[in-house]
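Structure, as structure tokens:
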Amino acid sequence: MSYHHYATDLEEVSRARHSLRHSTGSNRSFFSRGRPDIKPQQSQDGPPIETPLSPDVNTSTPDVAQERHSVHHKSPRLSDSLIIYIHGGGFVAHTSSSHLKHIKKWTKDTGVPIVSIEYRLAPEFCFPTQFEECYFAYMWIINNCHRFGTTGRNVVVIGDSAGGNLVAAVTLMAISQQTRVPDGMILVYPATHMHFVPSPSRILSAIDPLLPTIFLRECFNAYLPPNSGIDPMGNPYLSPSNATDDLLKQLPMTYMMVGTLDPLLDDTIHFAKRCCLAGKQVRLKIYDGFPHGFLNLGAVPNYGREMWMAVKQCSEWMKEVFLREHQRPLLARSV
């Protein structure tokens, strides 16, 4: 069991961007127009796994007149599963360290390595910076999963709040580019509709102590400034709930949870309905009386026990995905 904190390296992200743009002869960011302008990459059966060294490695010892010794290395057993996590914080705050309690709980419950992605924050860095960094980090992890003790055969992505938005956007981009699509997606009170319009849950949360409506609007404006010129309604990587049915129907098994006191309650339900109408199976769990950010309320009286029940539910969903994918023949899997 292991937890890995992966902070996106700016030089590595820059090299990845340059590589993709060079391959298409384009110097423009292919996320800025809402539709990628690069050619789909060829599908693969999974991430490349480096061949380990032979267990019998001969080494020369100059002090013993070139006597050769056989050194035996026991290769560690790789897990077949991997969890990739993207933290929340309204695009403006928090790091993976803010969410360590439930991250560690998930790896303890599942026995599966977890890699948590960091990204630069708004308002200093706006869309599509966070999305680009998370997508390139996701692809790097997939192609280097052996470094984290896993073959990457079964992959679950999970994110909360802003992290839920980024997880859904990364998954949609993987589908669009025909790269490795995760086997399961878990969205915890996700922000899926980035156009700030009134809704019953947003209006009722006007005086919410954790995420009042006015602060939610400021987070939206920090991630996508009003003068950006980008239409949040026409960009599925900004507002996943506005993705086309063709993209939504290709999503992996999707799980969502949200509380009744969350200003993003309507966003979550709307996205779940869109997925169902597109023909995807969705699990939606709504916790009565829970506010936004309840995964971090383990130490708060009257919320601690219920909060850990929600964390445990995420673990159960992860294990459900891993068991289902383990029972499926490898050749029958979509990538």
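The values are calculated or read from the model by the stated rules, or taken from the named source; none is laboratory data. Since this is a predicted model, take the numbers as computed values, not measurements. Ideal geometry is used to build each Cβ from the backbone, glycine not excepted, and the neighbour counts take in all protein chains shown. Surface areas here come from the heavy atoms of the whole protein model, side chains and all, with no ligands, DNA or RNA. Shrake-Rupley method; radii C 1.70, N 1.55, O 1.52, S 1.80 Å.
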Which of the residues spanning region 300-311 are β-branched (Val, Ile, Thr) and open to solvent by less than 50 Å² (accessible area, probe 1.4 Å)? Val311
Of all the residues that make up region 304-321, how many are among the hydrophobic types (A, V, I, L, M, F, W, C) and modelled with pLDDT of 95 or more? 4
Residue by residue through region 261-299, note down the ones that are in a strand (DSSP E or B) and either open to solvent by less than 20 Å² (accessible area, probe 1.4 Å) or within 16 Å of Ala206 (Cα to Cα) (or both). none
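Is it true that Asn227 is open to solvent by 30 Å² or more (accessible area, probe 1.4 Å) and part of a helix (DSSP H, G or I)? Before you say what the answer is, go through the steps one by one.
Numbers: open to solvent by 30 Å² or more (accessible area, probe 1.4 Å): yes; part of a helix (DSSP H, G or I): no.
The answer is no for Asn227.
Conditions tested, residue by residue: (1) in contact with a Phe, Trp or Tyr (Cβ under 9 Å, 6 or more places away or on another chain); (2) modelled with pLDDT under 95; (3) surrounded by 14 or more Cβ atoms within 10 Å (Cβ to Cβ); (4) under 21 Å from His146 (Cβ atoms).
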{"site": "Thr61", "(1), (2), (3), (4)": "no, yes, no, no"}
{"site": "Val64", "(1), (2), (3), (4)": "no, yes, no, no"}
{"site": "Arg68", "(1), (2), (3), (4)": "no, yes, no, no"}
{"site": "Val71", "(1), (2), (3), (4)": "no, yes, no, no"}
{"site": "Pro76", "(1), (2), (3), (4)": "no, yes, no, yes"}
{"site": "Ser81", "(1), (2), (3), (4)": "yes, no, yes, yes"}
{"site": "Tyr85", "(1), (2), (3), (4)": "yes, no, yes, yes"}
{"site": "Phe91", "(1), (2), (3), (4)": "yes, no, yes, no"}
{"site": "Ser96", "(1), (2), (3), (4)": "yes, yes, yes, no"}
Kindly list, by first and then second residue, each pair from a residue in region 192-218 that is acidic (Asp, Glu) to a residue that is buried (at least 17 other Cβ atoms within 10 Å of the Cβ) and at pLDDT 80 or above, limited to pairs with Cβ atoms under 6 Å and residues at least 6 apart or on different chains. none
Taking region 239-255 and the residues there that are in contact with a Pro (Cβ under 7 Å, 6 or more places away or on another chain) and crowded, with 24+ Cβ neighbours inside 10 Å, the one that is nearest to Leu216 (Cα to Cα) would be Ser239
